[in-house]
1. What are the residues whose amide H is under 5 Å from the amide H of D103, where those residues sit 5 or more places off or on another chain and H is modelled from the backbone?
2. Which whole-Hz ³J(HN,Hα) couplings does region 20-28 yield from phi under the Karplus relation 6.51 cos²θ - 1.76 cosθ + 1.60, θ = phi - 60°, glycine and proline marked x?
3. Show me, for region 219-227, the HN-Hα J-couplings you get by feeding each phi into the Karplus relation (A = 6.51, B = -1.76, C = 1.60, θ = phi - 60°), rounded to Hz, glycine and proline as x.
4. Per residue of region 263-276, in order, report the coupling 6.51 cos²θ - 1.76 cosθ + 1.60 (Karplus, θ = phi - 60°) as ³J(HN,Hα) in whole Hz, putting x for Gly and Pro.
5. How large is the convex hull of the C-alpha atoms of region 277-405 per residue, in Å³?
6. Which one of G109, T164, L94 has its Cα pushed farthest toward the positive end of the charge dipole of the chain, where Lys and Arg give +1 and Asp and Glu give -1 at the Cβ?
7. Within 10 Å of each candidate Cβ there may be at most 12 other Cβ atoms; applying that plus a DSSP loop requirement, which trypsin sites (Lys or Arg not before Pro) in region 129-168 survive?
8. Which of the three applies to the chain, rounded, prolate or oblate, going by the alpha-carbon gyration tensor with a ≥ b ≥ c and a/c under 1.5 meaning rounded?
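Values quoted throughout were computed directly from the atomic coordinates according to the rules given, and no laboratory measurement underlies them. Treat the numbers as computed from the prediction; the structure is a model and nothing was measured. Because the Cβ atoms are built from the backbone with ideal geometry, glycine has one as well, and the counts that use them run over all protein chains shown.
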Amino acid sequence: MGLLAGTSEETGGGVQSKDHAVWDRSFPVKYLLVREDEEGEDGEEQLWARCAAVEGLFVDPVPPPREVLTLRGCAPAGSLRDAMIRPEAAAGLLGDMLVELSDDTQPVGWWELVDAVVLAQHPCRTDPSLVDVVMGAGVKKLEGGIRTPPASPRFELFTGMNATAGHCLAVEGLFTPRQDPAKIPMELIGCEPTEPLLSVLRRPSRWERAGAELWTLDRTGRTMARHFVGLGIDGARPSVLGGALIDITLTDGGDNRPSPATRTVWESWYQGFPTAPNQWAPYASQGRAEWLRLTLQATRARYPDRSGGVHHLDGRYITDVPGLHCALGEALTGPGGYFGWGWDAFRDCLCGGFGVAPPFTLIWHDAGTARRALADVVYDPEEGLSYFEEVVQTLERSRVTVVLDE
């Protein structure tokens, strides 16, 4: 579990962050530890602690060990096909690849191949029209409890923003037993605990498998992000900040924490919700992707949509896929606005519930910038359209009038 969308502040129940964002100390409250009340009838959230600081929120995950896998009977597409045709280009590097396993009716399991590399290829013995592809990668199990392939398996391959990379009949080495990755701890510094947390500190072993949410507050007291953390406690001691505060070491600070490289994005959001357009523009792709995660966090629960009208998209800074979605969200819902963080989320937003719904008119200024920058980014190799062209086509098919101002 990683960042979580939505808060009780959007529905009117449970913990209201601004009610707990001020205390009588010389430093601000920056984090709240919140957990659902299991003993209450309606399961409302409870405040467990207010904290001044956290060490270990920004970490890069420990990469999984490298392994060699073989995609048997593979029909490659997209970036996988390109890596096989031009293996000398960046030594066949693919980045991260998603493997989706389906049975006769539906998907049943997912794996991530981290930093996948094409090592070799040769014709498939049973079908010369297919190939066997030898790959090096770290392997992470994502979802599904399946441990052996079904009777009639189908393996779909995806790269990048869920772009199709082909399919294969089998993946040798995928079902090898693996140890769970080591948990990365987190330090909660300057904590003012409430009674529920104090009870955990008195009996920490009881809570080893439980979890809570760490809410990050901006300087106005608004919740800007929520993150799942484990409640296994490795130690508690008087805080380095003094007073009656304590410092707590959690054995598991949760998955999908932001990278240290995106700290400046969070610092920008800490100053308050974005009020000017293109505040995301100075960041590279990783920072822009993190900006999108924070816009998703800030998205309120589904509310009535506006249709009609004219929206202007500033295309000057769209040099990558995250930039396109940052600019689109701002064009439709204002600075810090959200209208999808990737392809599937973008299409979901077009169905309504995110403040704007078709029909409307979108004037895309400086469209040539995105057209050129995304010319080689292909989501669906079967259609052969660039990501820019796919977005425009999808908008038009959803009753959006798109005016391209090159």
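1. For D103, whose amide H was placed from the backbone, the distant partners under 5 Å are V108.
2. Couplings: 10, 8, 10, 9, 8, 9, 7, 10, x Hz.
3. Residue by residue, region 219-227 yields 5, 8, x, 6, 6, 9, 6, 10, 9 Hz.
4. Here the 3J(HN,Hα) series is 4, 5, 5, 5, 4, 5, 5, 4, 5, x, 4, x, 10, 10 Hz.
5. 92
6. Working it through, the farthest residue towards the positive pole turns out to be L94.
7. Sparse-neighbourhood loop trypsin sites (Lys or Arg not before Pro): R147.
8. It is oblate, given that a/c is not under 1.5 and a/b is not larger than b/c.
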